[in-house]
Amino acid sequence: MVIVYTKQGLYEENVEIPSYKTNIVIFGEGSDMTMITGNRSVMDGWTTFRFATVVVSGEGFLAHDIGFHNLAGPEKHQAIVLRIKADFAAVYRCSISSYQDTFYAHSSRQFYRECDIYGAIDYIFGNATMVFRRQLKRTGAR
């Protein structure tokens, strides 16, 4: 198991955890204090599988107290912030936000607790088996 403690701050980058990197745990200092942001979108020529701000493929992933945000906005259309295709993934007390196609639960088994997920159009989609506990939020109108 690899545990990464991420200090408060705004991290403007795209992160990919490949399938051979298993049991990665990322702790932040609060979803409004530790934030990973990006702005890739389909309008910039990226494909759905390539432009997510954070992509997780490694089994046993856990995110705790982190904000994940894609800042592309409505004019950029699809702008996935988080794509998870890892089995036994869990996200706890995190904020996930984008305008369209916010969160792509690609496949496998995933668990979410006390997370705020914001988006306007198709904000949660995919083929994963997901369990949500506590709260989900949505902004905008379809």
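Read-outs throughout are calculated quantities, based only on the coordinates presented, and are distinct from any laboratory measurement. In this text, all values refer to a predicted model and were calculated from it rather than measured experimentally. Backbone-built Cβ (ideal geometry, glycine too); neighbour counts: all protein chains shown.
Each label was represented as a point 7 Å from its Cα along the Cα-to-Cβ direction; for Q8 and H77 these points are 3.9 nm apart. If only the Cβ of Lys and Arg carry +1 and only the Cβ of Asp and Glu carry -1, the dipole of the chain around its Cα centre is close to 360 debye.
Under the rule a/c < 1.5 gives rounded, and otherwise a/b versus b/c splits prolate from oblate, where does the chain land using the Cα gyration tensor? Since a/c stays below 1.5, the shape of the chain is classed as rounded.
Going by neighbour counts of Cβ atoms within 10 Å, the residues M43, M35 line up, fewest first, as M43, M35. This model, with +1 at the C-beta of Lys and Arg and -1 at the C-beta of Asp and Glu, gives the stretch 71-141 a dipole about its Cα centre of some 260 debye. Computed 3J(HN,Hα) for the stretch 60-73, one whole-Hz value per residue from the Karplus formula 6.51 cos²θ - 1.76 cosθ + 1.60 where θ = phi - 60°, is x, 6, 9, 10, 9, 6, 10, x, 10, 9, 10, 9, 4, x, glycine and proline marked x. Ordering L10, L82, L62 from the fewest to the most neighbouring beta carbons within 10 Å gives L10, L62, L82.
Scanning the chain for GluC sites (Glu not before Pro) lying in DSSP loops with no more than 15 further Cβ atoms inside 10 Å, the longest uninterrupted stretch between such sites is 30-113.
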